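Have a look at the structure below, then the notes.
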Amino acid sequence: MKSGLPKLCLLFVLCLSLAASAGSSTKRRAWITIGDAAYRQVKTIAPDAVSIDSRQLPGDKVHAIVVDEGRLAAIAGAIHQRLGQCGGFMYHGSEAEARATLERRRGLAPTRSYRIGQRELVKSMLAGMEEQHIEATILSLSAFTNRYYRSQSGVEASNWLLSAWRELAAGRTDISVMQINHRGYPQPSVSLIIAGSDLAEESVIVGAHLDSIVGSGMSETARAPGADDDASGVASMTEALRALIGSGYRPRRTIQVIAYAAEEAGLRGSQEIARQFKQANRKVAGVLQLDMTNYKGAANDIYLITDYTNSQQNAFLAQLIATYLPRLTVGYDKCGYGCSDHASWDAQGYPASMPFESSMARDNPHIHTSRDTLANSGNQTAHALKFARLAAAYMVELSSQ
Ligand code: IPO
Ligand code: ZN
């Protein structure tokens, strides 16, 4: 245990949690699933938190715990501040949901090949992709006061992205762009679907999260630019889309690109969506998550996260990089439980991957603060372009054979 700063943080978080519990007279319960280290942090600020079940999973022990809903903000703050970015948690609206997540039931992945067979098309698409489009998207998204899942500007950011994607899809009757509304908060996710041809009932999913947060406490006016976390992921994904649509490519499998609401609040948008896929027995060939793509903190270009992801699909990503981005180097790292929306799909048994901007030890120190700006990502978008190209190659290759 370190001294000094962590003690200050603890004091601060204690104040937050006291304020939160004083404000809510009716105590509603909430369930979260959380890794072992994070669980120990939660116990220090919310001693009444009770573990209702736990499982030893590969990589970590995971607990399902029940807490007073008024304490969630303080718990999120404590985990982000004291464990760094790797300590996420997953929110669940009921005990059954929390227990089901621990079970990690296997889901529906169709038989697909990880062969690479569209070299000419992919190479020409990647050649046409540009940093300036990524920069424009990051600047537009980070100009909203915040993109908090409960705030008005969080809704406006969703509306802005909806129009931007509609413009990209203009004139294509095989592409639909819509918002996905969620229970319990106003921010909608945004979705763009390119209908597949002969394998249309199988989907290839690429996602990033739309919302932003600051650990020091949220309000309508709190500044949370989230330029790296995760305007960069949305911008990389949007540039991949622009290239894909511009090429006139028609996929055999359905491609769905999603900007999720409420990732910072416990993966809430993506969990609702992934659960709906599972409930409807829908087939998913693969899921790619882009959360933080523009801050180059470590030696390698792209780090593949190895926990709560699918190792075969991760190997496929490494192959795509070797084929289409041969000058880039690949590293591997672990994230911890539930660090981004790929965990929501993984929990439903779908093959998910998360290529990341940095090693965990050297990742962006400005995220979840008002200083998460493009300037503090080195005022460049060359790093995010690598992830945009990887996403474009992934979408074409996985949707075509
Ligand atoms: C995050 C993801 C992976 C790693 I390694 C480090 C950090 C970011 C994630 N925790 C987050 O805050 N997403 O919004
Ligand atoms: Zn974050």
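Bear in mind these aren't lab numbers, they're just calculated from the coordinates by the rules spelled out. This is a predicted model, so every value here is computed, not measured. Heads up, the Cβs are rebuilt from the backbone with ideal geometry, glycines too, and the neighbour counts pull from every protein chain shown.
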Using only Cα atoms, tell me the angle between helix 311-324 and the longest principal axis of the chain; keep it within 0 to 90° and round to the nearest 10. 50 degrees
Once the piece of chain linking Q279 and E95 is laid out straight, how much longer is it, given 0.36 nm per residue of separation minus the C-alpha distance between them? 64.5 nm
May I ask for the percentage of alpha-carbon pairs in segment 132-233 that lie more than 25 Å from each other? 24 percent
Residue order, fewest to most beta carbons within 10 Å, for K283, K61: K61, K283
Once R0 is set to 35 Å, what does the formula 1/(1 + (r/R0)^6) return for the Cβ-Cβ distance between S311 and R371, expressed as a FRET efficiency to the nearest 0.05? 0.50
From the phi angles alone, apply the Karplus equation (6.51, -1.76, 1.60; θ = phi - 60°) to segment 109-117 and give each ³J(HN,Hα) in whole Hz, x where the residue is Gly or Pro. 10, x, 6, 9, 9, 9, 5, 10, x
Computed FRET value (nearest 0.05) for E130 with R327, which takes r as the C-beta separation and R₀ as 22 Å: 0.80
Using 29 Å as the Cα-Cα cut-off, could you pick out the over-long pairs in K283/K334; K43/K278; K296/K334; K278/K334; K61/K278? K43/K278
Excluding G184 itself, calculate the net charge of residues whose Cβ lies under 12 Å from the Cβ of G184, where each Lys or Arg counts +1 and each Asp or Glu counts -1. +2
Place a +1 charge on the Cβ of each Lys and Arg in segment 98-137 and a -1 charge on the Cβ of each Asp and Glu, then give the dipole magnitude about the Cα centre in debye, rounded to the nearest 20. 600 debye
Taking r as the C-beta separation of L102 and N181 and R0 as 30 Å, the FRET efficiency to the nearest 0.05 is 0.60
Work out the charge dipole of the chain with +1 on the Cβ of Lys and Arg and -1 on the Cβ of Asp and Glu about the Cα centre, then indicate which of L374, Q256, I34 is farthest towards its positive end. I34
The chain, dipole about Cα centre (Lys/Arg Cβ +1, Asp/Glu Cβ -1), debye to the nearest 20: 640 debye
With a/c under 1.5 counting as rounded, go ahead and sort segment 197-287 into rounded, prolate or oblate using the C-alpha gyration tensor (a ≥ b ≥ c being the square roots of the eigenvalues; past the cut-off, prolate if a/b is larger than b/c, else oblate). oblate
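With a ≥ b ≥ c the root eigenvalues of the C-alpha gyration tensor of segment 73-174, is it rounded (a/c under 1.5), prolate (a/b larger than b/c) or oblate?
oblate
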Read phi for every residue in segment 159-169 and hand back ³J(HN,Hα) as whole Hz from Karplus 6.51 cos²θ - 1.76 cosθ + 1.60, θ = phi - 60°, with x for Gly and Pro. 5, 5, 5, 4, 5, 4, 6, 4, 5, 4, 8
Check Q380: other-chain or 5+ apart residues with amide H under 5 Å from its amide H, H built from backbone geometry? none
Could you calculate the contour length gain from N300 to R119, that is, 0.36 nm times the residue separation minus the distance between their Cα atoms, to one decimal place in nm? 62.7 nm
Fewest to most Cβ atoms within 10 Å: L304, L267 sort as L304, L267
Helix-only estimate, please: 222 nm mean residue ellipticity of the chain, summing -39500 (n - 2.57) across DSSP H runs of length 4 or more and dividing by its residues, to the nearest 500. -12000 deg cm²/dmol
Measuring from a point 7 Å past the Cα of D198 along Cα-to-C-beta, which residues in segment 249-273 have an amide N at less than 16 Å? 250-254
Order by protection proxy (mean Cβ within 10 Å, highest first), peptides 232-244, 197-209: 232-244, 197-209
Taking the beta-carbon count within 10 Å as an exposure proxy, list H342, H63, H366 from fewest neighbours to most. H366, H63, H342
So what is the diffusion coefficient of the chain in µm² per second by Stokes-Einstein at 4 °C and 1.567 mPa s, using a Kirkwood Rh over Cα pairs? 62 µm²/s
Would you mind checking which residues have amide H under 5 Å from I180's amide H? H placed 1.01 Å from N; only 5 or more apart, or other chain. S189, V190, S191
